[in-house]
Amino acid sequence: MNKEQTKKRNPWTRLSSTPVYDNPWIAVREDKVLKPNGEPGIYGVVSFKNKAIGIIPLSPEGDTWLVGQYRYTLDEYSWEIPMGGSPIGEEDILTTAKRELQEETGLTASQWELLGRLHTSNSVTDEEGFVFLASQLQQGDTRFEDTEVLKIKRLPLTEALDWVMSGRITDAISVAGLLMLARKLGI
């Protein structure tokens, strides 16, 4: 916990919590609360059963790889960094990052660096995400999951950043991760 988190006390009081929905990926609950102003209210919370893991592969030439796929929830096509879910309490996040990079791009990396931690939509979900930089890459074969129909695109990192700034990449983990890397590299 950082200093800012330890200084602030939770102004919300949870009175009760009722499970509403549960599947292998998420659980939804409705909490009866006292709001910060002391008035009663409700709060819906979506809890994820995986940590979100994003990976930015980077070649010595400054290229990266994006993954394109149709996203059912958005009803639109999405370009993203390679990513997947790390089962909470079952697998460490670096192991997941290595697996997802290989599955989605065919790449393996001998150098890994954690770029950052983030929360995707913290007003309604407790989802925690992590973004890794993968370098010293080797190309191999992909192993898509049965739900994945992916396109893989290799492009200069600067072009991927242009896609972020123009709104062509809208996925929160991809946007945050690419901007973290740009800041790290001084781009």
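The values are calculated or read from the model by the stated rules, or taken from the named source; none is laboratory data. Everything numeric in this text was worked out from a predicted model, so none of it was measured. Here the Cβ is made from the backbone with ideal geometry for all residues, glycine too, and neighbour counts use every protein chain on show.
Overview of values
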{"read-out": "Positions within the stretch 76-91 being acidic (Asp, Glu) and either in contact with a Ser or Thr (Cβ under 6 Å, 6 or more places away or on another chain) or exposed (fewer than 11 other Cβ atoms within 10 Å of the Cβ) (or both), in sequence order", "value": "Glu76, Glu80, Glu90"}
{"read-out": "Number of the condition not met by Ile173 [criteria: (1) closer than 19 Å to Gln69 by Cα; (2) free of Cβ contacts under 8 Å to residues at least 12 places away in the same chain; (3) among the aliphatic types (A, V, I, L, M)]", "value": "(2)"}
{"read-out": "Qualifying residue in the stretch 30-42 (condition: of a type in the set (Val, Ile, Thr), in a strand (DSSP E or B) and within 30 Å of Asp162 (Cα to Cα))", "value": "no"}
{"read-out": "Residue in the stretch 92-117 that is nearest to the chain's Cα centre (by Cα), counting only those that are assigned to a strand (DSSP E or B) and buried (at least 19 other Cβ atoms within 10 Å of the Cβ)", "value": "Leu115"}
{"read-out": "Hits in the stretch 138-152 - residues which are of a type in the set (Asp, Glu) and exposed (fewer than 12 other Cβ atoms within 10 Å of the Cβ)", "value": "Asp141, Glu145, Asp146"}
{"read-out": "Residues of the stretch 69-91 classified as in a strand (DSSP E or B) and more than 17 Å from Val131 (Cβ to Cβ), total", "value": "6"}
{"read-out": "Residue that is nearest to Ile81 (Cα to Cα) [pool: residues in the stretch 156-178 that are of a type in the set (Val, Ile, Thr) and out of contact with any Leu (no Cβ under 9 Å at 6 or more places or on another chain)]", "value": "Val175"}
{"read-out": "Filter result (in contact with an Asp or Glu (Cβ under 7 Å, 6 or more places away or on another chain) and either β-branched (Val, Ile, Thr) or more than 23 Å from Val28 (Cα to Cα) (or both)) within the stretch 118-136", "value": "Thr120, Phe132, Leu133"}
{"read-out": "Residue match in the stretch 52-60 (condition: part of a strand (DSSP E or B) and of a type in the set (S, T, N, Q))", "value": "no"}
{"read-out": "Counted residues, the stretch 57-114 - those being basic (Lys, Arg) and either touching a helix residue (DSSP H, G or I) at 6+ places or on another chain (Cβ under 7 Å) or in contact (Cβ under 8 Å) with a residue 12 or more places away in the chain (or both)", "value": "2"}
{"read-out": "Neighbours by Cβ (under 9 Å, 6+ apart or cross-chain): first from the stretch 22-40, free of Cβ contacts under 8 Å to residues at least 12 places away in the same chain; second of a type in the set (Ser, Thr, Tyr)", "value": "Gly38/Thr13"}
{"read-out": "Enumeration of residues in the stretch 17-44 that are hydroxyl-bearing (Ser, Thr, Tyr) and either assigned by TED's automatic domain parsing to the domain that holds Val124 or under 24 Å from the mean Cα position of the chain (by Cα) (or both)", "value": "Tyr21, Tyr43"}
{"read-out": "Whichever residue in the stretch 118-137 is of a type outside the set (A, V, I, L, M) and part of a strand (DSSP E or B) and, among such residues, is surrounded by the fewest Cβ atoms within 10 Å (Cβ to Cβ)", "value": "Gln136"}
